[in-house]
Amino acid sequence: MRPGASLFEALVAPLAKAGVENASMTLLGGAFSHLDYCTAPPDPAHLRVVAYTEPIAAGPACLIFGNATLGKSDTGAPLVHCHAAFCTDDGKLLGGHLIAQTTIVGPAPVTVLVTSLDGFELRATYDAETNLRLLQPREV
């Protein structure tokens, strides 16, 4: 991944160039010059299964391991959903949902194993069981 790019740009642009619009990805290490994340504790209002926290700025961080999914938003735009474990500069081990648009790839490239998903697409749609918008498979 290109240092200085957002995690979103670093994943979406090269895959789009290769014709990949839906993928499962494993992030195998690297560094971020800035990382934003959130967690998803149970929804205290009980309206949905979880309620994401506001974004938390972790600052520079070392990626330990992560998984990401590339799919599409309701409008058909690329959507990246990513969870990862990471270590901050002050040694805290943390994890959660990475905010791909504001997390910036650092000087040590992030290594990614990509599996292209063909024959269907992943589209963010409402899920009645969780009361959330989730990436779900859909025929193309």
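Just so you know, in region 1-54 the residues that are of a type in the set (S, T, N, Q) and either part of a helix (DSSP H, G or I) or open to solvent by 30 Å² or more (accessible area, probe 1.4 Å) (or both) include one that is farthest from Gly91 (Cα to Cα), and it is Ser24.
The single residue among Leu70, Leu63, Leu135 that is assigned to a strand (DSSP E or B), at pLDDT 95 or above and closer than 17 Å to Val12 by Cβ turns out to be Leu70.
Look at region 80-107: where a residue is in a loop (DSSP other than H, G, I, E, B) and a partner is aromatic (Phe, Trp, Tyr), sitting 6+ places away or on another chain with Cβ atoms under 7 Å, you get Ile99/Tyr37; Ala100/Phe8; Gln101/Phe8; Thr103/Phe32; Gly106/Phe32. May I ask you to verify whether Thr125 is of a type in the set (S, T, N, Q), out of contact with any Phe, Trp or Tyr (no Cβ under 6 Å at 6 or more places or on another chain) and open to solvent by 40 Å² or more (accessible area, probe 1.4 Å)? So Thr125 passes the test. The test for being crowded, with 20+ Cβ neighbours inside 10 Å and out of contact with any Gly (no Cβ under 9 Å at 6 or more places or on another chain) holds for Ala100.
The values are calculated or read from the model by the stated rules, or taken from the named source; none is laboratory data. Everything quoted here is computed from the prediction, not taken from an experiment. All Cβ positions, even for glycine, are placed from backbone atoms using ideal geometry, and neighbour counts span all protein chains on display. Just the protein is used for accessible areas: all its heavy atoms, side chains included, with ligands, DNA and RNA removed. Shrake-Rupley method; radii C 1.70, N 1.55, O 1.52, S 1.80 Å.
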